[in-house]
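First comes the structure, then the notes that go with it.
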Amino acid sequence: MSSVRVRPGDPLQGTVRVSGASKNSGCKQLAAALLAEGTTTVTNVPSVADLEVMLDVLTAMGVGVERLGSDALRLDTTGELTPEAPYELVTRMRASINVLGPLLARCGEARVAMPGGDNIGQRKLDMHFRGLEAMGAKLSVTHGYIEGSAHGLHGARIVLEFPSVGATENLLTAAVLADGVTTIENAAREPEIRDLATLLNRMGARVHGAGTSTIEVEGVRALASVDTELCGDRIEAGTYLTALGVAGGEIDLEGIRLDQLEMVVVKLREMGMRIDATDHGLRARCERRLASVDVATLPFPGFATDFMPMTVALLAVCDGTAIVSENVFDNRFSFIGELRRMGADIRTEDRHAVVRGVPRLSGAPVRAFDVRAGAALAIAGLGAEGETVVHDWHHVDRGYVDLPARLADLGAWVERV
């Protein structure tokens, strides 16, 4: 298993272009390509481990996959598909469940293994099932597989009990080929939902209201393949900003928009960081030790749960005390024990953490339990005396394009072992 060594160093300086959002957006758009016969070219889609899993899933279904350089690929969905996502692939990444909606819509059947992914709490599929069943699908779970049939999906009004990103995406991709109008109430509003809807509309779908809590979909008879380009990865951008908060310095982020990071930027500005929009992205400066602020995770446009671990690592070396509340997942504080090994003063109770900033953390061997936790521990290492070794770094590679090298390009002392 790979590991990463981190030592404190000089303040961060330089410019970094934010990678395309391969994990949170790319995997979903690749699944949407199943809806139409033809050839799709996707650009600004760098390789991360989760994306490679999705490509393996598509290949197993009969999709032709061709790499075009380091950040582009071509999908050929012409011809008959095998509507099955095998266990050995789906259990490696939860986003594989996103093929369920497109397979039911195009093929009228699907057999998808129950998904895996990060161990950050319960993420049930009830809302996926209820929404698809309201549209006429028949679903069951047998021997670890979701087995579904849908010979003629129809429009329906669906109210989600929580604005689930995954459920919204699956229902949206099923509804575009359903007969009639589908309304999704309490839909997720994340930028990735807007990007997916934009792609579907370019393919010939009729999706209205994406990015709001009510999405209306007028079903069409068929879609056409189109080329697409991924937006910048807002979680990666937030990772660089929290690293700047620990190490200090000044950096430029290209390929990202302020509205994608609005609540994170609000909190970092409250803490004392200067962040301004530029013609190409953002410029951020941190010249002093930051002050603690309370943080509560919420669905977009609230503070995203994916930013929480890196923010806790930053708060661990800020002035003052902060309360962090995790309102999305029920097991996302597992990394805090590793921060305590580094001398962080953090107490947890249920979904809340009290973080008291300390002048300096202490480098230690720690373990990454999931993709964002590993990034958080590396960031903490930038503000720790001595050397920090983050083990099980393969989790982090699921969602980042060589984060150690990109931090090193900004002047951080980070290297793979």
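All of the numbers you see were taken from the coordinates with simple rules; none came from a lab. The structure displayed is predicted, hence computed values, not measured ones. Ideal geometry is used to build each Cβ from the backbone, glycine not excepted, and the neighbour counts take in all protein chains shown.
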Work through the residues other than Gly381 whose Cβ is under 9 Å from its Cβ and net out their charges, Lys, Arg +1 and Asp, Glu -1. +1
FRET efficiency for His394 and Val181 from the Cβ-Cβ distance with R0 = 56 Å, rounded to 0.05, comes out at 0.80
Total charge of the residues flanking Val396 in space, meaning their Cβ is under 9 Å from its Cβ, with Lys and Arg +1 and Asp and Glu -1, is -1
If you plug each phi of the stretch 201-212 into the Karplus form 6.51 cos²θ - 1.76 cosθ + 1.60 with θ = phi - 60°, what whole-Hz ³J(HN,Hα) values come out, in order, with x for Gly and Pro? 5, 5, 7, x, 6, 10, 10, 10, x, 4, x, 10
Can you tally the net charge around Ser292? Count Lys and Arg as +1, Asp and Glu as -1, for every other residue whose Cβ sits under 10 Å from the Cβ of Ser292. -2
Is the shape of the stretch 45-199 best called rounded, prolate or oblate, per the rule: a/c under 1.5 gives rounded, else a/b larger than b/c gives prolate, else oblate, with a ≥ b ≥ c the square roots of the Cα gyration tensor eigenvalues? rounded
Helix-only CD estimate at 222 nm, as mean residue ellipticity for the chain, using -39500 (n - 2.57) per DSSP H run (n ≥ 4): -8000 deg cm²/dmol
Rounded to the nearest 20 Debye, what is the dipole magnitude of the stretch 22-219 about its Cα centre when Lys and Arg each give +1 and Asp and Glu each give -1 at the C-beta? 240
Could you list which residues have their amide H under 5 Å from that of Glu385, counting only those 5 or more apart in sequence or on another chain, with H placed in the peptide plane? Leu361, Ser362, Gly363
If packing is taken as the mean number of other Cβ atoms within 10 Å per residue, what is the order of 347-353, 390-396, highest first? 390-396, 347-353
Which percent, nearest 5, of DSSP beta bridges in the stretch 22-219 are antiparallel? 80
Between Asp126 and Arg74, what is the spin-label point distance in nm, taking each point 7 Å from the Cα along the Cα→C-beta axis? 4.6
Please work out whether the stretch 98-188 counts as rounded, prolate or oblate from its C-alpha gyration tensor, where a ≥ b ≥ c are the square roots of the eigenvalues and a/c under 1.5 means rounded, while otherwise a/b larger than b/c means prolate and anything else oblate? oblate
Please give, to one decimal in nm, the separation of the simple spin-label points placed at Ser140 and Arg416, each 7 Å out from Cα toward the Cβ. 4.6
Give me the three principal axis extents of the chain from the C-alpha atoms, as integers in angstrom, largest value leading. 62, 44, 42
Using a cut-off of 27 Å between alpha-carbon atoms, which lysines can reach Lys138, once sequence neighbours fewer than 8 places away in the same chain are excluded? Lys28, Lys124
A correct Karplus calculation of ³J(HN,Hα) over the stretch 180-188, with 6.51 cos²θ - 1.76 cosθ + 1.60, θ = phi - 60°, whole Hz and x for Gly and Pro, returns x, 9, 10, 10, 10, 8, 6, 6, 5
Could you line up Ser22, Ser292 from fewest to most neighbouring Cβ atoms inside 10 Å? Ser292, Ser22
Difference of contour (0.36 nm per residue) and Cα-Cα distance, Thr82 to Val220: 47.4 nm
Two-site label geometry, Phe162 and Ala60: point separation in nm, points 7 Å out along Cα→Cβ: 2.6
Calculate, in nm to one decimal, what Thr41 and Gln13 gain on full extension: separation in residues at 0.36 nm each, minus their alpha carbon distance. 6.6 nm
Trypsin sites (Lys or Arg not before Pro) in the stretch 48-157 lying in a DSSP loop, each with at most 14 other Cβ atoms within 10 Å of its Cβ, come to Lys124
Just to confirm my numbers, what's the Cα centroid distance between the stretch 58-73 and the stretch 187-222 in Å? 24
With both partners inside the chain, how many of the DSSP beta bridges are antiparallel, as a percent to the nearest 5? 70
For Glu161, Glu326, ascending order of other Cβ atoms within 10 Å (fewest first) is Glu161, Glu326
Fewest to most neighbouring Cβ within 10 Å: what's the order for Phe369, Phe307? Phe369, Phe307
Which ³J(HN,Hα) values, rounded to whole Hz and listed in residue order, are derived for the stretch 280-296 from phi using the Karplus coefficients 6.51, -1.76 and 1.60 in 6.51 cos²θ - 1.76 cosθ + 1.60 with θ = phi - 60°, glycine and proline given as x? 10, x, 9, 10, 10, 9, 9, 10, 8, 5, 7, 9, 6, 9, 6, 9, 10
